[in-house]
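*Asks:* Structure in structure tokens, see below.
The values are calculated or read from the model by the stated rules, or taken from the named source; none is laboratory data. Note that the coordinates shown come from a computational prediction; the quantities given were computed from them, not determined experimentally. All Cβ positions, even for glycine, are placed from backbone atoms using ideal geometry, and neighbour counts span all protein chains on display.
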Amino acid sequence: MQTPLDTAQPGMGLQGRWIAMAVLLIAGFMNLIDVTIVNVALPSLQKAFGATSSQIEWVVAGYILVFALGLLPAGRLGDILGRRRMFVWGVGVFTFGSALCGLAPSMETLVAARVLQGIGGAMMTPQTLGIVPALFAPHERGMAYALFGLSAGLASVTGPLLGGVLIGADIYGLGWRPIFLVNIPVGVIAIFAALRYLPEVPGAKGLKNDFIGIAIAMVALLLVIFPLIEGRQAGWPLWCFAMMAASVPAAVLFVLWQRRQAACGGPQLLPVSLMENANFMVGTGMVMVLFSGIPGFFLMLALYLQNGYGLTPLQSGLTTLPFSVGVLIASVVSGRLGVRWPRRRIAVGGVLLTTAMVWLRIVVQHTVDDIVWMQFAVPLLIGGVGLGTAISPMFQTVLSNIEGRDTGSASGALQSFQQVGGAFGVAIVGEIFFSRLQALGSPAAVPHDIYANAIGGGLLYNIAAFGLVALIVWRLPRPR
């Protein structure tokens, strides 16, 4: 009779397998917490370097964009070179990028180091789920996958608080730098533990990657996002509009290249069969719209609380904490509901998020001298519950109608488009928010009023985006 150990990793005891699982969780947690911890530090970074608004946006968008574009090819490289090897390299690149972030002498260096972090994150993230089948038998994997969800929820809760504590402690006078430097010992331990405990999952040498498709996709996205972020700072010269116009033929070129690859049996970054699946494309659009409203929202909120009202990073983190708590609570409940009522749950999540943004906009407009925690806590909690309610059934609904041979590609593509949506959101919301802040330079400007006006304008985008999600979901067929 075959035991679970025999079906998973022969020769590895139960303790060794769970140590290996802990390594995967720690690395994933390090990557996820870095996304949330940076939001709290943005005002401190802006003051430390005298950074422009576009540079602040690139700190967030640069990481997200590279991470998004790297997920699919890095997942395929794991199949080719071996998942443990790619995981270790990914953790190494992420840790080195974190060290460069923490030691960065200028804003340009910091943005470049964030891009390196994004590359490392993209290299290690697809491998974490891919290594689980080598550790656990099929009936044991449910618990392992659930731990990834729990880890993501804890990272969203811990990030703002840890960021606030580290910056507020001003360790050895380093200010914001420890939020990145703390990754170094964690990353080094993860690398040595991975080499000791993770099983070697051999690669398949016959597989190839679509590097030309990756390059075309990168160019097409940069032609849109770069002018959106830099255009306001440059005064919207003609080249900004020329770049955005050029993104259209670049996108067409990407589609033609994928068709060419499909016709000759070559590797495809995004399979043509998925591009021709109307339901998948509608679902992908819905995912992009939903996640376009999240990173930009927290960018605005951190600057509003710290620069507009003088809150410390820790106070700012505590103010935004209810959103993360709401996500965690709703994720647990959503897990218990399983696959029941997916479209209704997505619609409810969209409505809750829209309600939260409308409520916050009212609170912001009526906040005069001091931030009242409870006034922000309730709508933020509702927003977090809305996001946590929508995420799980959204992925279920979009992927449930995909043919078996495309399931893996569809899952990876959906995660990539999720991140691309976040990059677009930072660019769009940042354009609205920072354009309204330009009046702050006036001698008569009152920071409270200017920042309230700026975030009020940005929240209009969030209201429209989340409301649209609640409508788009009904265009999808019932999941199988």
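*Asks:* Can you find a residue in the range 298-319 that is under 23 Å from Ile472 (Cα atoms) and assigned to a helix (DSSP H, G or I)?
*Replies:* To start, the set of residues in the range 298-319 that are under 23 Å from Ile472 (Cα atoms) comprises none.
No; the residues of the range 298-319 include none that is under 23 Å from Ile472 (Cα atoms) and assigned to a helix (DSSP H, G or I).
*Asks:* Okay, moving on. Take Gln258 and tell me if it is part of a helix (DSSP H, G or I) and in contact with a helix residue (DSSP H, G or I) (Cβ under 9 Å, 6 or more places away or on another chain).
*Replies:* Numbers: part of a helix (DSSP H, G or I): yes; in contact with a helix residue (DSSP H, G or I) (Cβ under 9 Å, 6 or more places away or on another chain): yes.
The answer is yes for Gln258.
*Asks:* What number goes with the only condition from (1) farther than 20 Å from Phe87 by Cα; (2) assigned by TED's automatic domain parsing to the domain that holds Ser54 that Val201 does not pass?
*Replies:* Val201 satisfies all of (1) farther than 20 Å from Phe87 by Cα; (2) assigned by TED's automatic domain parsing to the domain that holds Ser54 except (1).
*Asks:* Could we say that Val219 is of a type outside the set (D, E, K, R), out of contact with any helix residue (DSSP H, G or I) (no Cβ under 7 Å at 6 or more places or on another chain), without any contact (Cβ under 8 Å) to a residue 60 or more places away in the chain and not assigned by TED's automatic domain parsing to the domain that holds Gly425 here? Talk me through it step by step, then tell me what you get.
*Replies:* Details: of a type outside the set (D, E, K, R): yes; out of contact with any helix residue (DSSP H, G or I) (no Cβ under 7 Å at 6 or more places or on another chain): no; without any contact (Cβ under 8 Å) to a residue 60 or more places away in the chain: yes; not assigned by TED's automatic domain parsing to the domain that holds Gly425: yes.
Here the answer is no, as Val219 does not meet what is asked.
*Asks:* Now for a different question. Out of all the residues in the range 169-185, which are β-branched (Val, Ile, Thr) and crowded, with 18+ Cβ neighbours inside 10 Å? Show your work before the answer.
*Replies:* Narrowing the range 169-185 to residues β-branched (Val, Ile, Thr): 171, 179, 182, 184.
Scanning the range 169-185 gives Ile179, Val182.
*Asks:* Please identify the pairs in which a residue from the range 38-60 that is acidic (Asp, Glu) has its Cβ atom under 6 Å from the Cβ atom of a residue that is in a helix (DSSP H, G or I), counting only partners at least 6 apart or on another chain.
*Replies:* If the second residue must be in a helix (DSSP H, G or I), the pairs left are Glu57/Ile229; Glu57/Val426; Glu57/Gly430.
*Asks:* In addition: I'd like to know if the range 232-242 contains one or more residues that are touching a residue at least 24 places away in the same chain (Cβ under 8 Å), outside the structural domain of Gly82 (by TED's automatic domain parsing) and not hydroxyl-bearing (Ser, Thr, Tyr). Walk me through how you get there before you give the answer.
*Replies:* So in the range 232-242, the residues touching a residue at least 24 places away in the same chain (Cβ under 8 Å) come out as 232-233.
Retained after the next criterion (residues that are outside the structural domain of Gly82 (by TED's automatic domain parsing)): 232-233.
Next cut, not hydroxyl-bearing (Ser, Thr, Tyr) only: 232-233.
There is at least one residue in the range 232-242 that is touching a residue at least 24 places away in the same chain (Cβ under 8 Å), outside the structural domain of Gly82 (by TED's automatic domain parsing) and not hydroxyl-bearing (Ser, Thr, Tyr).
*Asks:* Moving on. Got at least one residue in the range 84-106 being surrounded by fewer than 24 Cβ atoms within 10 Å (Cβ to Cβ), at positive phi and either in the same structural domain as Ala454 (by TED's automatic domain parsing) or touching an Asp or Glu at 6+ places or on another chain (Cβ under 8 Å) (or both)?
*Replies:* No, there is no match, as no residue in the range 84-106 is surrounded by fewer than 24 Cβ atoms within 10 Å (Cβ to Cβ), at positive phi and either in the same structural domain as Ala454 (by TED's automatic domain parsing) or touching an Asp or Glu at 6+ places or on another chain (Cβ under 8 Å) (or both).
*Asks:* Hey, another quick one. Take the residues in the range 39-71 that are over 20 Å from Arg436 (Cβ atoms) and in contact with a Pro (Cβ under 8 Å, 6 or more places away or on another chain); name whichever of them is surrounded by the most Cβ atoms within 10 Å (Cβ to Cβ).
*Replies:* Checked the range 39-71; the qualifying residue surrounded by the most Cβ atoms within 10 Å (Cβ to Cβ) is Val40.
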